[in-house]
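Encoded as structure tokens, the structure appears first; notes follow it.
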Amino acid sequence: MPFLLLLFFAAVFLASPGKVAGEERSFRAEVLPKSVKQGEVCLLKAGGPVSLKSVYGEFQGKRYPLGSGDKDQTYEGLLGVDLNTKPEKYDIRFIATDGSGKDDSQTFSIKVTKADFAVQKITLPKSMVDLDPKTLERVNRESKRLKEIFQTFRDERTWKGAFIRPVAGELSGAFGTRRIINGQPKSSHTGVDLRAEEGTPVLASNSGRVALVDDLFFSGKSVILDHGWGLYSMYFHLSETRVREGDQIPKGAELGRVGSTGRSTGPHLHWGIILNGARVDPFSLLRSTTSLQ
Ligand SMILES: [Zn+2]
């Protein structure tokens with residue numbers, strides 16, 4: 001092809017973004033923000049001149065569904081970037097099906113940048129770190145159960161609008177902190193610790209179904225909520241729990257009280273979020289959903 005002709009085609013192509021072969025797009029999509037740090041959440045938005053039968057984003061081989069937003073023909077969903085995601089550019093592909101069953105897709109790129117996770121040195125009693133065989137067996141059993149919960153993808157969304165902070169307390173343990181316990185490097189801190197007085201009510205961050213109520217070795221008395229679409233919130237080290245597995249819980253309902261059960265050095269709430277298998281910063285989820293109704 002002659003060079004000038006090639007330039008001409010390039011110019012025509014560049015001048016018509018959002019169009020496929022001269023045809024109007026059946027939907028438009030957006031990723032907010034386009035650059036995130038490891039462990040952060042993105043808001044996915046879509047909308048169209050016609051209502052869509054379904055729309056979802058695809059990121060690293062996983063599906064992130066979008067559901068009805070606050071206005072007609074708008075759709076919203078959340079995407080989580082795990083804290084160990086390699087910092088580089090990634091594609092997010094949106095696939096939409098309109099009422100007549102016609103598919104359309106659009107691809108965006110997002111940039112994942114390196115998060116500056118802190119390093120924290122903690123000293124704990126030897127019995128809480130060097131586990132005897134019986135305790136180790138318990139810990140393995142419990143972690144297997146947690147893994148099974150987080151791998152369950154419920155197709156129905158039960159969260160709606162902005163997420164809320166479960167207790168008002170100040171941050172005493174940041175997300176992603178690399179922990180060195182009694183001189184040995186351990187796994188990262190995959191939630192946030194909120195300082196609060198023993199007995200402070202712990203509220204549900206959003207509506208959902210209670211997936212677990214148990215007393216676990218590391219996390220003590222714990223509640224896990226399943227908000228649908230692979231989104232889970234965790235509330236650990238409680239002094240008591242006030243819900244039962246299987247309960248449907250509205251946003252803001254009391255799940256239990258702040259305590260220091262399990263492996264904990266004082267009363268606080270450990271609040272964690274898992275989104276489609278990605279361990280993300282709960283504060284990033286709050287920021288991403290503040291605009292939602
Ligand atoms: Zn914690």
Say the cut-off is 21 Å between C-alpha atoms; which of 34/62; 114/144; 45/71; 62/147; 147/186; 121/186 go over it?
114/144
If each of residue 127 and residue 149 carries a label point 7 Å out from its Cα toward its Cβ, how far apart are those two points in nm?
2.6
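Which net charge results for the neighbourhood of residue 179, defined as the other residues with beta-carbon distances under 9 angstrom from its beta-carbon, given Lys and Arg at +1 and Asp and Glu at -1?
Numbers: positive: 121, 178, 186; negative: none.
Here the charged neighbours net out to +3.
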Neighbour cut-off at most 16 other Cβ (10 Å), DSSP loop, GluC sites (Glu not before Pro), the stretch 137-174
156, 170
Using modelled amide H (1.01 Å from N, peptide plane; none on Pro or chain starts), what sits under 5 Å from the amide H of residue 78, excluding residues fewer than 5 places away?
44
Taking a virtual spin label 7 Å from the Cα of residue 215 along the C-beta vector, which residues in the stretch 245-263 bring their backbone nitrogen under 19 Å of it?
245, 255-263
Coil-residue trypsin sites (Lys or Arg not before Pro) of the stretch 214-293, DSSP, other Cβ within 10 Å capped at 13:
244
If R0 = 45 Å, then residue 293 and residue 119, at their Cβ-Cβ distance, give a FRET efficiency to the nearest 0.05 of 0.70
With n ≥ 4 as the cut-off for DSSP H runs, can you work out [θ] at 222 nm for the chain, using -39500 (n - 2.57) per run divided by the number of residues, rounded to the nearest 500?
-4500 deg cm²/dmol
Say we join alpha carbon atoms closer than 10 Å with springs in a Gaussian network model of the chain; which of 211, 168, 46 then has the biggest fluctuation?
168
Taking the Cβ of residue 134 as the centre, find all other residues whose Cβ is under 14 Å away and add up their charges (Lys, Arg: +1; Asp, Glu: -1).
-2
Residue among 265, 191, 164 farthest towards the positive dipole end of the chain, charges placed on Cβ
265
With x for Gly and Pro, the residue-by-residue ³J(HN,Hα) of the stretch 58-73, computed from phi through the Karplus equation 6.51 cos²θ - 1.76 cosθ + 1.60 at θ = phi - 60° and given in whole Hz, is 10, 9, 6, x, 10, 9, 10, x, 10, x, 3, x, 7, 10, 4, 6
In a GNM of the chain with a 10 Å cut-off on Cα contacts, which of 127, 172, 233 has the highest mean-square fluctuation?
127
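In percent, how large is the relative contact order of the stretch 103-241, given Cα pairs closer than 8 Å and 6 or more residues apart?
Working: 197 pairs, mean separation 33.5, N = 139.
Relative contact order, the stretch 103-241: 24 percent.
Mean Kyte-Doolittle of at least 1.6 plus a Cα span of 15 Å or more along the axis: flag which DSSP H helices in the chain meet both, please.
Numbers: long enough: 3-15 (18 Å, 3.06); 133-151 (27 Å, -1.41).
Membrane-span-like by this criterion, though nothing is claimed about a membrane: 3-15.
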Give me the percent of DSSP beta bridges within the stretch 110-204 that run antiparallel, rounded to the nearest 5.
50
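May I ask for the net charge around residue 58, where only other residues with Cβ less than 12 Å from the Cβ of residue 58 are counted and Lys, Arg are +1 while Asp, Glu are -1? Show your work: numbers first, answer last.
Details: positive: 62, 63, 93; negative: 91.
Once positives and negatives cancel, what remains is +2.
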Percent antiparallel among DSSP beta bridges confined to the chain, rounded to 5, stands at 90
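May I ask you to list the trypsin sites (Lys or Arg not before Pro) in the stretch 95-137 that are in a DSSP loop and have at most 15 other Cβ atoms within 10 Å of their Cβ? Walk me through the numbers on the way to the answer.
Details: sites: 102, 111, 114, 121, 126, 134; in loops: 102, 114.
Here the trypsin sites (Lys or Arg not before Pro) that fit, given the DSSP loop and packing criteria, are 102, 114.
For the stretch 165-214, what relative contact order do you get, as a whole percent, if you take Cα pairs closer than 8 Å and at least 6 residues apart?
Values: 57 pairs, mean separation 20.6, N = 50.
Across the stretch 165-214, relative contact order equals 41 percent.
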Mind jotting down the distance between the C-alpha centroids of the stretch 50-75 and the stretch 105-138, whole Å?
31
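Quick note: the coordinates plus some simple rules give every number you see, no bench work behind them. Bear in mind that the values here come from a model prediction, so they are computed numbers and not experimental data. In this analysis, Cβ positions are derived from the backbone assuming ideal geometry, glycine residues included, and neighbour counts consider all displayed protein chains.
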